[in-house]
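The next block holds one structure in the form of structure tokens; read it before the comments.
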Amino acid sequence: MADTRNAGRPLSPHLQVYRGGLTMLMSIVHRVTGVALYAGTLLLVWWLAAGATSDQYFDMVQAVFGSWAGKLVLFGFTWALIHHTLGGIRHLVWDAGHGFELKDVEMGAKLTLASSIILTLVVWAIALGVS
């Protein structure tokens, strides 16, 4: 059996072999948004628990979420939710056996990114217009 440890090459292709692209970035961002959604869900639980605890505690949590930093976190959570959902739909299309051509993969990545940004801005425009 040949000794491959000293072959002077990686045992499997790695980041130094592949040229990064939009689809690679979108894959990484999809994973990151999944983690962000987990953390954001904890914030939702905190908000719901505050509402069930007392008026004073709920007002305090509302003040935290209403601050500029809180709104920035909520804006990021909104984008992560929309982006992750659209990425999931993109994967569902792939699971159905469609969109594997290189041009389709690139277009899907661009559409997912652009749509998530536009939809986030629309959601926040509606939310700020109502309040």
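Using a probe of 1.4 angstrom, how much of the accessible area of the chain is carbon and sulfur, in percent? List each step's numbers first, then the result.
Working: 6800 of 9650 Å².
So the carbon and sulfur contribution to the accessible surface is 70 percent.
Taking trypsin sites (Lys or Arg not before Pro) that fall in a DSSP loop and have at most 11 other Cβ atoms within 10 Å as cut points, what is the longest piece of the chain between them? Write out the running numbers ahead of the final one.
On the way: sites that count: 5, 19.
Counting only loop sites that pass the neighbour cut-off, the longest clear stretch is 20-131.
Enter the accessible area per residue of the stretch 30-131 (Å², integer; probe 1.4 Å; all protein chains in place).
Working: 6920 Å² over 102 residues.
That works out to 68 Å² per residue.
Treating the Cα atoms of the chain as identical point scatterers in vacuum, please give the log10 of the normalised Debye intensity I(q)/I(0) at q = 0.18, 0.20 Å⁻¹, two decimals.
-1.04, -1.17
Are there any helices in the chain, counted as whole DSSP H runs, that stretch 27 Å or more along their axis by Cα and score at least 0.0 on average by Kyte-Doolittle, and if so which? Please report the intermediate quantities before stating the final value.
Values: long enough: 22-53 (45 Å, 1.41); 68-95 (40 Å, 0.66); 102-130 (42 Å, 1.47).
Helices meeting the span and hydropathy rule in the chain are 22-53, 68-95, 102-130.
What whole-number distance in Å separates the alpha-carbon centres of the stretch 56-131 and the stretch 26-54?
Each part reduced to its Cα centre gives a spacing of 13 Å.
The values are calculated or read from the model by the stated rules, or taken from the named source; none is laboratory data. Just so it is clear, the model here is predicted, and its values are computed rather than measured. For neighbour counting, all protein chains shown are included, and Cβ atoms are generated from backbone atoms with ideal geometry for every residue, glycine included. These area figures cover heavy atoms from the full protein model, side chains too; ligands, DNA and RNA do not enter into them. Shrake-Rupley method; radii C 1.70, N 1.55, O 1.52, S 1.80 Å.
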